[in-house]
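The values are calculated or read from the model by the stated rules, or taken from the named source; none is laboratory data. Keep in mind the model is a prediction, meaning the values are calculated, not measured. Here Cβ is always computed from backbone atoms with ideal geometry, including for glycine, and neighbour counts include all displayed protein chains. These area figures cover heavy atoms from the full protein model, side chains too; ligands, DNA and RNA do not enter into them. Shrake-Rupley method; radii C 1.70, N 1.55, O 1.52, S 1.80 Å.
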Amino acid sequence: MASRLERGCVVERIWARDATLWTGRDESRWLGWLDEPLRMRERALELEELAAGTADFTDVVLLGMGGSSLAPEVLRRTFGNERLHVLDTTHPAAVRRIADGFDLERTLFVAASKSGTTLETRSHLELFWERIGRGEAFVAITDPGSELETVARERNFRAVVQGEPTIGGRYSALSAFGLVPAALMDVDLSRFLLRVEEMVEACRLAEGNPGLELGEALGRGWEDGRDKILINPNPGGFGLWAEQLLAESTGKQGKGLVPVPGEAREGDDRQKAEVRISDPYELGQEFYRWEYATAVAGSILGINPFDQPNVQEAKDRTNDVLAGAELSLTAEGSVDELLAGAEPPAYVCIQAFIDPAREGELEPLIGRARETGCVVTHGLGPRYLHSTGQLHKGGPPSGHFIQIFDDPGPELPIPGRDFGFARLIHAQAAGDFAALQERGRPIVRVKLEDL
């Protein structure tokens, strides 16, 4: 355990924005999340007034990916809200359920993208804009000066809410990207942020610092070879959000913490990380504690926890596939052979480019994978590309990957594009498969209906 002096030095350097605590590159540019809860207290009334003006809308659909969608999804589950729906898949069946199943005249669409160019979000936006075409039915959350902001103002969106440019996507839960959806769910923002402020102040302490203690445990465990993080399950699905935070922040330079929400078995390569949420209004505190802890753990791993050098590769490969000939996914490799070659401390990762409504059909495969003795992680594509994808490519080469696809049904065109959603999700699957294969990662592909 670090001495009190050493621990105090780490805390002091974090708050001093000292980039040399990590790699000495551009980390100081990405620490806006430290103070964001205090800034958002000043904007709470603005966001609540925006939400009050949307009372006539029966449903709210958030269009976002990764850092723009996972915190809202966890907020939705934690507060048990049925008004908000998160669309973070390109599967045509899921998009159609909203496009054809909702009363679009009474649905508010919130397009959330820090860069303003996220392919999935912009594709969703164009589809629903073509069907509705009324600016008052749309809100944009984006960083200042983005392409999405320009489009939103040209189309007279109901509101454009600007994000904080000094915060990366996975650290944005307590910024506008998490708090606008929270306001639209009638969460009392002042009460929510007051609890967060308590955690902010606690994370300034050299002793009794909850974020520092968690971060040290994660980092020291990694040093001891326990790089699999068992995140205890909770009704709000906190692990969905923490998974991106840990994986994308630490999975680089051949290192990384491998988050495995829901896995419970003890093992020499594992450590437990407790989620502390006894009341929904404690969720914001936990967001902050884990953000701070990830920064601390990153300093122990010796990496930059605020960049994502391998994420763009998946996007580039998707674009390459889309620019090529017609695409038809086919099975490749043997699941039995892949699992036969997996044993701890490896992990098995199931990547499912399927209709989210069919996620439950993966359970038999998850059970088979656990028989290897390895921890098993699973995610839906393309969501995981914005979440754990960085870890799969840049982290430790210990993953064994099973990619699943299904029949996406009839093509659903994307306005302004020469491809539709079915082709897009298959291109995303093909691009990631190629990226992992090129790195020598063990990977197979199988159709869901053939499992």
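Can you tell me the length gained on complete extension of the stretch ASP56 to ARG276, counting 0.36 nm per residue apart and subtracting the Cα distance?
Gain on stretching ASP56 to ARG276: 75.7 nm.
Please name which of SER175, GLY133, LEU212 has its Cα lying farthest along the dipole of the stretch 124-225 towards the positive end, using unit charges on Cβ (Lys, Arg +1; Asp, Glu -1) and the Cα centre as origin.
GLY133
How far is it, in nm, from the label point at ARG439 to the one at GLU105 when both lie 7 Å from their Cα along the line to the Cβ?
5.0 nm
Would you work out which of ASN81, GLY24, VAL110 lies farthest towards the positive end of the dipole of the stretch 4-122, given +1 charges on the beta-carbon of Lys and Arg and -1 on that of Asp and Glu, about the Cα centre?
The residue sitting farthest along the positive end of the dipole is GLY24.
Assuming a viscosity of 0.692 mPa s and a temperature of 37 °C, what translational diffusion coefficient in µm² per second does Stokes-Einstein assign to the stretch 1-145, Rh being the Kirkwood radius over Cα pairs?
183 µm²/s
For GLN312 and GLU343, calculate 0.36 nm times their separation in residues minus their Cα-Cα distance, and state this gained length in nm to one decimal.
This chain segment gains 8.1 nm when fully extended.
For the stretch 170-241, what % of the accessible area comes from carbon and sulfur atoms, probe 1.4 Å?
C and S fraction of accessible area: 50 percent.
If we count every other residue with Cβ under 12 angstrom of LYS315's Cβ, Lys/Arg +1 and Asp/Glu -1, where does the sum land?
-4
With an 8 Å cut-off on Cα pairs and a minimum separation of 6 or more residues, tell me the relative contact order of the stretch 182-298 in percent.
Computed over the stretch 182-298, the figure is 39 percent.
Pull up all non-local amide H partners of HIS85: gap of 5 or more, or a different chain, and H-to-H distance under 5 Å with H placed in the peptide plane.
Those qualifying (amide H under 5 Å, at least 5 residues apart or on another chain) are VAL60, VAL61, LEU62.
With charges set only on the Cβ (+1 for Lys and Arg, -1 for Asp and Glu), what does the dipole of the stretch 354-451 come to about its Cα centre, in debye to the nearest 20?
440 debye
Ranked highest first by the average count of other Cβ atoms within 10 Å around their residues, in what order do 227-240, 249-262 fall?
Order by mean packing, descending: 249-262, 227-240.
Less than 12 Å Cβ to Cβ from LEU104, Lys/Arg counted +1 and Asp/Glu -1: what total charge do the surrounding residues give?
Within the 12 Å Cβ shell, the charges total -2.
Relative contact order, percent, of the chain when contacts are C-alpha pairs under 8 Å separated by at least 6 residues?
That works out to 18 percent.
Residue by residue, what Karplus-based ³J(HN,Hα) values in Hz, rounded to whole numbers, does the stretch 394-402 have, using 6.51, -1.76 and 1.60 with θ = phi - 60° and x for Gly and Pro?
x, x, x, x, 10, x, 10, 10, 10
Could you give the nm distance between label points at GLU147 and LEU451, where each point is 7 Å from its Cα heading toward the beta carbon?
Label at GLU147, label at LEU451, 3.5 nm between them.
Treating the beta-carbon of each Lys and Arg as +1 and of each Asp and Glu as -1, no other charges, what is the dipole magnitude of the stretch 17-128 about its Cα centre, to the nearest 20 debye?
For this selection, approximately 300 debye.
May I ask you to compute the full-extension gain from ASP35 to GLU411, defined as 0.36 nm times their residue separation minus their alpha-carbon distance, rounded to one decimal in nm?
Contour length minus the Cα-Cα distance gives 130.9 nm.
Note down the net charge around ALA94, summing +1 for each Lys or Arg and -1 for each Asp or Glu among other residues with Cβ under 12 Å from its Cβ.
So the environment of ALA94 carries a net charge of -2.
Please work out the Cα center distance from the stretch 241-291 to the stretch 26-91, rounded to the nearest Å.
If we compute the Cα centre of each part, the gap is 20 Å.
What FRET efficiency comes out for SER115 versus ASN156 if R0 is 22 angstrom and r is the Cβ-Cβ distance? Round to the nearest 0.05.
Plugging the Cβ-Cβ distance into 1/(1 + (r/R0)^6) gives 0.50.
Cα centroid distance between the stretch 409-451 and the stretch 103-148, in Å?
Centre-to-centre distance over Cα atoms comes out at 24 Å.
Set Lys and Arg Cβ to +1 and Asp and Glu Cβ to -1, take the dipole of the stretch 368-418 about its Cα centre, and tell me which of GLN390, ILE402, LEU380 lies farthest positive.
Positive-end residue among those listed: GLN390.
Please give the FRET efficiency for GLU197 paired with GLU223, using the beta carbon to beta carbon distance and R0 = 25 Å, rounded to the nearest 0.05.
That gives a FRET efficiency of 0.15.
May I ask you to derive the FRET efficiency for ASP26 and ARG204 from their Cβ-Cβ distance with R0 = 22 Å, giving the value to the nearest 0.05?
0.40
Would you mind checking which residues have amide H under 5 Å from HIS400's amide H? H placed 1.01 Å from N; only 5 or more apart, or other chain.
Residues meeting the criterion, in which the H sits 1.01 Å from N, are TYR347, VAL348, CYS349.
In terms of the Cα gyration tensor, with a ≥ b ≥ c the square roots of its eigenvalues, is the stretch 18-68 rounded because a/c is under 1.5, prolate because a/b exceeds b/c, or oblate?
oblate
If you filter the stretch 290-377 for chymotrypsin sites (Phe, Trp or Tyr not before Pro), then keep DSSP loop positions with at most 10 other Cβ within 10 Å, what is left?
Here no loop site has a sparse enough neighbourhood.
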